[in-house]
Amino acid sequence: MTPTVVEISADAFVAGGGLGGVAAALALLRAGRSVVLSEEYDWLGGQLTSQAVPPDEHSWVERFGVTASYRALRDGIRRYYRDHYPLTERARAWRELNPGAGHVSRLCHEPRVAVAVIEAMLAPYRGAGRLRVLQPYRPVAADTDGDRVTAVRLAHRDGGGEVTVVARYVLDATETGDLLPLTGTEYVTGFESQTETGEPSAPAEAQPLNMQAVSVCFAIDHVDGDHTVDRPASYDFWRAYQPPFWGDRLLSWRCPSPRTLETVERSFTPNPGDDPRSVEADQRVNPGDANLWTFRRIAARDNFLPGAYASDITLVNWPMIDYLEGPVIDVPDAAEHLAAARELSRSVLYWLQTEAPRPDGGTGWPGLRLRGDVTGSADGLAQAPYIRESRRIRALRTVTEQDLSLAVRGDKGAVAYPDTVGVGMYRIDLHPSTGGDNYIDVGCSPFRIPLGALVPRRVTNLLPAGKNIGTTHITNGAYRLHPVEWNVGEAAGALAAFCLDHSTTPHAVREGERLLADYQRRLVRDGVELGWPDVAGY
């Protein structure tokens, strides 16, 4: 019997419930539109939740440089801790509460708290019947009519039935730009050539399969007892693995410094007993990765009443879990590479528990305990791999290194795009890649997000809403982080709503002075910042 395919319709369909997808859906819903939102994994929130990556943010995040709705997400996370967690009075009174006191961000927290806040932000629209969330579903096919996408077919992740979504606008907020090949939308992957982009850090020839490493993160704490996991089947391979530029084996405390490429040694001290409020989470001053335990710590036990937490909880998103053996986009063996990336992370955990050198001369911390309850997964690792680089549309405007590089732009600041739809700031930070390249880490100027990077050259009703906008391999390194992805998604959702309201197209908005001004006013009304005050990059 042929399985029944359910068809549903809405004003807009958002594929992918990561940060960009959630922000896009919220923008459409605030504008009075109906939305279908799909997500492949059990949690909405993407890199913040199912991928278990604490937010990477710029130095001024507490004052400016993010959208009002992203700030509402951050405020909601802090409020959730104050409402539901046994904080000490000192932590409760800390206005800029950092629950994990991690060095990577001023707001390091447990992933499921962000899930709860995101669900609360969406709840009124579900109740009103204007938002339908299909979960866990992933897109598998699409129908097109000329330069328009007419429908997208979704399959249940676990083998359930299929759903076809018909919508006037389709937004691709998937982690790897899955709708682009399905709809025939022109796109690029990997390194562009210097001939094409003129970028100082680009190679002479294009390398479409040379992409940033993916990582499978996991959470651990350190308590009494022996919590050693079973020895992974491929442990011997990973134990001996040494990238030629690494300076040591991958499973070691030694690795390249991203900014200088010299080999440096990290430290590791579980539960150091540091004062959470003394942590300076400002990557402009210090990248914060000297002690890997506190680098991405997501629960500092001294922020909570005595006995509430037996240990800090830290999130392992460290250099040794970067998977370099092959890309996971547009290759026939993507599933094998993703499985191998999970095996690498298990091997890192086993190494930490059994063979990692300790400061006292011993080896291994058997008290390290895998916290799959924190990441919400059956195997103890993050539900989803951390995807740093997506397919990227061929856009009306492609952001290049020379648009925002501090070395190129100097005190002029980043290019001031007149069609700005938001702002962002992060160093141009690329992890080692599947083609054998070391880190690329370039100082960056606070930048604007150009509308032209959100508009495909040909397709008229599909919009990118995440890391799949018109950046290059290199500038993706600055545009891929949490608040920028949210801003991109919010701008894309607002653009779709604006086009529906005015019976126009994204191309016309970008090219028409009056339409562009009206759209930008809508963004400002909704709390989207379109430019920066006078601040210098780093």
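Observations, loosely collected:
- Stokes-Einstein D (µm²/s) once Rh is taken as the Kirkwood radius of the stretch 401-499 over alpha-carbon pairs, at 25 °C in 0.890 mPa s: 175 µm²/s
- Summary value for the stretch 420-494: 37 percent relative contact order, contacts being C-alpha pairs under 8 angstrom separated by 6+ residues.
- DSSP bridge pairs, the chain: antiparallel proportion in percent, nearest 5: 65 percent
- Solvent-accessible surface of the chain, taken per residue with a 1.4 Å probe and all protein chains present: 36 Å².
- On the principal axes of its alpha carbon atoms, the stretch 180-237 extends 57, 32, 23 Å, with the longest extent given first.
- Folded to 0 to 90 degrees: helix 334-354 orientation relative to the chain principal axis, Cα: 30 degrees
- Of the two radii for the stretch 138-186, the radius of gyration is 0.96 times the Kirkwood radius, both from the alpha carbons; that is the Rg over Rh value.
- Note on the stretch 230-305: along the principal axes its Cα atoms extend 43, 36, 14 Å, ordered by decreasing extent.
- Packing around the peptides 242-250, 10-18, taken as the average count of other Cβ atoms within 10 Å per residue, puts them in this order, highest first: 10-18, 242-250.
- Surface composition of the stretch 242-379: carbon and sulfur atoms hold 49% of the protein heavy-atom accessible area at a 1.4 Å probe.
- Sum of -39500 (n - 2.57) over DSSP H runs of 4+, divided by residues of the chain (222 nm, nearest 500): -7500 deg cm²/dmol
- P(r), alpha carbons of the stretch 121-255 - 10 Å bins starting at zero, rounded %: 8, 20, 24, 24, 19, 4, 0
- Degrees separating the helix 513-525 axis from the principal Cα axis of the chain, which is the longest one: 40 degrees
- Largest-first ellipsoid semi-axes for the chain, taking √(5λ) over the Cα gyration tensor eigenvalues, angstrom: 35, 25, 25
- Rounded tilt (10° steps) of 482-502 against the dominant C-alpha axis of the chain: 10 degrees
- Cα-Cα P(r), the stretch 1-97, percent of pairs per 5 Å interval: 2, 10, 15, 17, 18, 14, 9, 5, 3, 2, 1, 1, 0
- Two-decimal log10 I(q)/I(0) for the stretch 333-479, as the Debye equation yields it once each C-alpha is a single scatterer, q = 0.09, 0.21 Å⁻¹: -0.45, -1.21
- Over the stretch 334-417: Rg over Rh, Cα atoms, Kirkwood Rh: 1.22
- Expressed in units of 2.2 N^0.38 Å, where N is the residue count, the Cα radius of gyration of the stretch 282-406 is 1.35.
- Averaging 1/r over every pair of different alpha carbons in the stretch 54-181 and inverting the result gives a Kirkwood radius of 17.8 Å.
The values are calculated or read from the model by the stated rules, or taken from the named source; none is laboratory data. For clarity, every value in this text was computed on a predicted model and none was experimentally measured. Note that we place each Cβ from the backbone using ideal geometry, even for glycine, and neighbour counts take in every protein chain shown. Only protein heavy atoms, including side chains, enter the accessible area calculation; ligands, DNA and RNA are left aside. Shrake-Rupley method; radii C 1.70, N 1.55, O 1.52, S 1.80 Å.
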